[in-house]
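One structure is given here, and the rest of the page talks about it.
The values are calculated or read from the model by the stated rules, or taken from the named source; none is laboratory data. Keep in mind it's a predicted model, so treat the numbers as computed, not measured. Glycine gets a Cβ as well: all are built from the backbone with ideal geometry, and neighbour counts include every protein chain shown. Only protein heavy atoms, including side chains, enter the accessible area calculation; ligands, DNA and RNA are left aside. Shrake-Rupley method; radii C 1.70, N 1.55, O 1.52, S 1.80 Å.
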Amino acid sequence: MAKQITDQNASEILASDKLVVIDFWATWCGPCQRLTPIIEQLAEEYEGRAEICKYNVDEGEDLTIKYGIRNIPVVMLIKNGEVVGKKVGLAAKADLQKLIDANL
């Protein structure tokens, strides 16, 4: 299951030595809802190798501001504190797997 990342636990999760994948989403966003099952599958498949997280942009704003999120869904990959990949909009599972694999 994907971790819930919030403004309160973000610094701890981002300090991980693993690749951190964040899905920026909202409950009212149709494409975000269609992306959710893919994110959950990726969380299972990459367990122990990457931190797959979901960040609700309506419940927090720190990460939205920090990473300049203007549209959702956005899947952002962060490694050692640096953004190493980003996919804006609804993405196919295979595309996200390629992006994650390239940054593991």
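Within segment 19-29, the only residue that satisfies the criterion of being in contact (Cβ under 8 Å) with a residue 40 or more places away in the chain and surrounded by fewer than 17 Cβ atoms within 10 Å (Cβ to Cβ) is 26. State which residue pairs qualify: first residue aromatic (Phe, Trp, Tyr) and inside segment 85-104, second residue surrounded by 15 or more Cβ atoms within 10 Å (Cβ to Cβ) and assigned to a helix (DSSP H, G or I) in any location, beta carbons under 9 Å apart, and separation of 6 or more residues or different chains. Listed by first residue and then by second, the contacts come to nothing, as the list is empty. For segment 1-16, taking the residues that are in contact with a Gly (Cβ under 9 Å, 6 or more places away or on another chain) and in a loop (DSSP other than H, G, I, E, B), the one that is most open to solvent (accessible area, probe 1.4 Å) is identified as 8.
Which one is farthest from residue 67 (Cα to Cα), of the residues in segment 17-35 that are assigned to a loop (DSSP other than H, G, I, E, B) and under 14 Å from the mean Cα position of the chain (by Cα)? Of everything passing the filter in segment 17-35, 18 is farthest from residue 67 (Cα to Cα). A count restricted to segment 36-88 and to residues that are within 11 Å of the chain's Cα centre (by Cα), more than 21 Å from residue 18 (Cβ to Cβ) and assigned to a helix (DSSP H, G or I) stands at 1. Limited to segment 30-43, what total is found for residues that are touching a residue at least 40 places away in the same chain (Cβ under 8 Å) and surrounded by fewer than 18 Cβ atoms within 10 Å (Cβ to Cβ)? Count: 3.
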